[in-house]
Amino acid sequence: MRGPLVLGIETSCDETAIGIVAGRTLLANVIASSVEEHARFGGVVPEIASRAHLEAIQPALAQALKDAGLTLKDIDAVAVTGGPGLIGALLVGTSTAAGLALGLGRPIYAVNHLAAHISVDYLTHENPVEPTIALLVSGGHSSLLKIDDITHSITKLGATMDDAAGEAFDKIARIMDLGFPGGPAIDRTARDGNPTAIDFPRGLTTSDDWRTRPYDFSFSGLKTAVARYLEATPQYVRGDVAASFQEAVVDVLLQKAVHACQESGIDRLVIAGGVAANSRLRHLASERCERAKITLAIPEPALCTDNGAMVASLGALMIAAGRPASPLAFDATSSMAVETVSL
Ligand code: KG4
Ligand code: ZN
């Protein structure tokens, strides 16, 4: 059973990404990244990202249509990341999307990047997957959510009080000189390390925290602890530091996610966002969920980091649920509450 042909456009950060789905079937997923242009600055430079999107978006669109064996006229609806993200970067995608929707006479769905990360998981399941608990861990956001309907009803259980999980990876990689983006670099470096070599702190896990803010995260104390350790230990073993840091992040994320499932009585967990590509997180999540009898869903690594398939998927889900399209003149927005699914 195929559904509407939806084109998804994602340009919120440094990936120019176009995805095409037919309902829950993925037809094309093209990603052009400008990450190498940012690497020497140690982080994404907004102006460089916007210019790179302008150059990459037309070729990416042409490639996606070719991969799907379609022409623009076949497209039933256009979905685009309306926020959150870098405003100049978002505007390249949203202007392209609005132009296409207007020219083709098709509806446009300006959707939330965060909900889109989660909805990529729906591509791999025919059956309803709600309600579900979602652990969303990306470069800009970390939150625990209860999803009753991804198009309409998302409840925030908790979020990070300071750095996002991916941001913590990026910052630690930077002080260890491992390059940018830090997540994949730490993941690689940690492979030859001992995760129990250094006992780094687990943020917000005192008994008081479990009582008052069980679903919130904090990574700033961990970041300081790693920086102090590096300063005090000139002969440190890179693999051990990376593995022990990674273990501290992943352990807390999963303790709280499993707790959310148990407390809410929802025995399904989806993990989404760039950090969900982390090999240790994936491994430990499957162990802990099996033990707690929780059904675990983690998209394949290439669909965890930013992509257009996730945007197209959310667009198709919006159509299937009969949700209204966005006005053509919607405003892209750099900050957007995680509960707001579309503009
Ligand atoms: O979802 P995403 O691609 O972009 C945002 O929406 O932010 O997430 C990017 C973040 C970066 O912080 C990156 O370091 C992290 O995801 N990341 C990883 C891994 N791959 C990407 N973190 C840990 N391990 C990885 N393998
Ligand atoms: Zn993202």
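Could you state the number of Å between the C-alpha centres of region 291-343 and region 145-166?
Between the Cα centres of region 145-166 and region 291-343 lies a distance of 12 Å.
Across region 329-343, in residue order, what do the Karplus-derived ³J(HN,Hα) couplings come to in whole Hz, using 6.51 cos²θ - 1.76 cosθ + 1.60 with θ = phi - 60° and x for Gly and Pro?
Result, ordered by residue: 8, 5, 9, 4, 9, 6, 10, 8, 4, 5, 7, 7, 7, 8, 9 Hz.
Over 23 Å between Cα atoms, which of K171/K293; K223/K293; K256/K293; K146/K171; K156/K223 qualify?
Listed pairs above 23 Å: K171/K293; K223/K293; K146/K171; K156/K223.
Percent relative contact order of the chain, based on C-alpha pairs within less than 8 angstrom and at least six residues apart?
Dividing the mean separation by the residue count of the chain yields 26 percent.
Going highest first, how would you order 154-160, 37-43 by mean Cβ packing within 10 Å?
154-160, 37-43
Under the Kirkwood approximation for Rh and a Cα-based Rg, what ratio Rg/Rh is obtained for region 1-156?
Answer for region 1-156: 0.97.
Can you list the residues, at least 5 places off or on another chain, whose amide H is less than 5 Å from the amide H of A28, using H built in the peptide plane?
Placed amide hydrogens put I20 under 5 Å from A28.
Tell me, how many Å apart are the Cα centres for region 46-75 and for region 203-280?
36 Å
If you count, for each residue, the other Cβ atoms within 10 Å and average over each peptide, how do 213-222, 100-109, 248-257, 10-19 line up from highest to lowest?
10-19, 248-257, 213-222, 100-109
Give me the net charge for the shell around A52: Cβ to Cβ below 9 angstrom, other residues only, Lys and Arg +1, Asp and Glu -1.
-2
Could you derive backbone 3J(HN,Hα) for region 26-40 from the dihedral phi with the Karplus parameters 6.51, -1.76 and 1.60 (θ = phi - 60°), listing whole Hz in sequence and x where the residue is Gly or Pro?
Residue by residue, region 26-40 yields 7, 9, 7, 8, 10, 10, 10, 9, 9, 4, 5, 6, 9, 3, 5 Hz.
Add +1 for every Lys or Arg and -1 for every Asp or Glu among the other residues with Cβ under 11 Å from the Cβ of H117, and state the total.
-3
What angle, in degrees between 0 and 90 and rounded to the nearest 10, separates the Cα long axis of helix 87-104 from the longest principal axis of the Cα atoms of the chain?
With both axes taken from Cα atoms, the answer is about 30 degrees.
Quick one: give the max-minus-min coordinate of the C-alpha atoms of the chain along each principal axis, largest first, in Å.
62, 46, 31
Quick check: the angle from helix 238-264's long axis to the longest principal axis of the chain, C-alpha only, nearest 10 degrees?
70 degrees
Using θ = phi - 60° and the Karplus relation 6.51 cos²θ - 1.76 cosθ + 1.60, list the HN-Hα couplings for region 193-206 in order, rounded to whole Hz, with x at every Gly or Pro.
These are the phi-based 3J(HN,Hα) values: x, 9, x, 9, 5, 10, 8, 6, x, 9, x, 6, 10, 6 Hz.
Determine the principal axes of the Cα atoms in region 108-251, then give the extent along each, sorted from largest to smallest and rounded to whole angstroms.
Ordered largest first, region 108-251 gives principal extents of 53, 35, 25 Å.
At 222 nm, what helix-only mean residue ellipticity would the chain give, in deg cm²/dmol to the nearest 500, using -39500 (n - 2.57) for each DSSP H run of four or more?
Helix contribution divided over all residues of the chain: -13500 deg cm²/dmol.
Please list, in chain and number order, the residues 5+ apart from A79 or on another chain whose amide H is under 5 Å from its amide H, with Hs placed from the backbone.
L7, G8, I9, Y109
What order, most packed first, do the peptides 312-318, 54-60 have when packing is the mean number of other Cβ atoms within 10 Å of each residue?
Going by the mean number of other Cβ atoms within 10 Å, highest first, we get 312-318, 54-60.
Label points 7 Å out from Cα along the Cβ direction at T295 and T155: separation in nm?
Going by the 7 Å Cα→Cβ label model, 2.0 nm.
Hey, got the dipole for region 54-174? About the Cα centre, +1 on K and R Cβ, -1 on D and E Cβ, debye to the nearest 20?
260 debye
Any idea what angle helix 165-175 forms with the longest principal axis of the chain, computed on alpha-carbon atoms, 0 to 90 degrees, nearest 10?
So the inclination is approximately 60 degrees.
Would you mind checking which residues have amide H under 5 Å from G158's amide H? H placed 1.01 Å from N; only 5 or more apart, or other chain.
Those qualifying (amide H under 5 Å, at least 5 residues apart or on another chain) are L144.
Please report, in cubic angstrom per residue, the volume enclosed by the convex hull of the alpha-carbon atoms of region 211-254.
Dividing the Cα hull volume of region 211-254 by its residues yields 66 Å³.
Just so you know, all these numbers are worked out from the coordinates, no wet-lab data involved. Source: prediction; values computed, not measured. As a convention, Cβ positions derive from the backbone with ideal geometry for all residues, glycine included, and neighbour counts pool all protein chains shown.
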